[in-house]
Structures are given as structure tokens and as C-alpha cells.
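What follows draws every value from the coordinates through simple rules; no lab data is involved. This one's a predicted model, so the numbers in the text were calculated from it and none came from an experiment. All Cβ positions, even for glycine, are placed from backbone atoms using ideal geometry, and neighbour counts span all protein chains on display.
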Amino acid sequence: MQELITSPTKHEGAVVVYDGQCPFCSTYVRLTRLRDAVGPVELVDARLGGPAVDEAVRAGLDLDEGMVLKYGGRLYHGADCLNMLSLLSSRTGLFNRLMAFAFARPGIARRAYPILRAGRNATLKLLGRGRIQEAGKATPG
């Protein structure tokens with residue numbers, strides 16, 4: 001699992017940077033019961049920008065290629081993010097049990113993530129929504 005060490009967080013909990021215009025991403029972060037397991041969770045729409053988005057971009061992460069989880073002073077991107085979210089989320093509810101079963105194993109998360117990302121990209125294209133970088137909020141500075 002690729003981990004990017006960053007500065008320590010100023011509070012306990014986690015930050016998730018996701019695509020707020022992607023119906024799959026928005027639903028996933030809304031349904032994941034991360035707060036039950038890690039405490040406060042800040043959900044950041046990458047299209048709106050902000051310090052968490054800037055930090056991910058400075059770390060060289062392409063937000064069009066995957067969500068980012070900041071937890072324990074580290075950034076997890078794409079399949080690693082999905083894997084960590086599955087490991088950290090509570091097992092309450094059918095959705096969270098299914099996600100844990102499917103993605104709590106890093107190898108499965110890595111194989112499935114490109115398929116999930118392709119579905120996301122196709123859906124955004126069908127909906128007429130551009131890439132995050134086209135929104136101008138997630139461009140390297």
C-alpha cells in the first residue's frame with residue numbers, strides 16, 4: 001500500500017476528499033460509517049477546493065484518478081483509500097458489511113478500483129460533467 005506521509009493533522013479523525021459531482025462518490029462517502037470508527041470526519045468536495053484539496057495536489061495526487069483519505073497524518077489515494085475506508089468503517093449496516101467484505105483486502109481493492117474509476121468516468125461523461133482539474137480547483141500550483 002502506498003502511503004504518503006504528510007504533516008500531522010490538527011485534530012483527531014479523518015478527511016475524505018472526493019468528487020462531489022460524482023453520484024457514486026457522493027453516495028459512498030455518505031453511506032460509509034467512518035465517523036463511528038474514527039471520530040470526526042471532514043468530507044471535502046474536490047471541486048470546491050480548499051486546504052485539503054491543495055495538500056493532495058501538492059503531494060502529486062490526481063483527484064480525477066481517485067479519492068483521498070487523510071488519516072493518522074498520512075494520505076491514501078485511489079485503491080489504497082478505498083481499502084483504508086473499508087478497514088476503518090464500522091460494520092454497521094448492509095452497505096458497510098459489503099464494502100468491508102469486498103475491499104478490506106488490498107489486492108481486491110487494487111484490482112477493482114480501475115473498473116470502479118472507469119464506471120465513474122463514463123457516468124460523469126454521460127452526465128456532461130468535466131474532470132475535477134477542469135473545474136480549476138485541483139491543479140498543481
### Message
If I build a Gaussian network model for the chain, linking alpha-carbon pairs within less than 10 angstrom, which residue out of 124, 61, 94 has the largest mean-square fluctuation?
### Response
94
### Message
So I have (1) 16.1, 54; (2) 14.1, 41; (3) 24.0, 81, and one of them is Rg and Dmax of the Cα atoms in Å calculated from this model. Which one is it?
### Response
(2)
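With +1 on the Cβ of every Lys and Arg and -1 on the Cβ of every Asp and Glu, and nothing else charged, how large is the dipole of the chain about its Cα centre, in debye rounded to the nearest 20?
Details: 19 positive and 13 negative charges, 91 e Å.
Computed about the Cα centre, the dipole is about 440 debye.
Percent of Cα-Cα pairs more than 20 Å apart in the stretch 44-106, please.
On the way: 631 of 1953 pairs.
That fraction is 32 percent.
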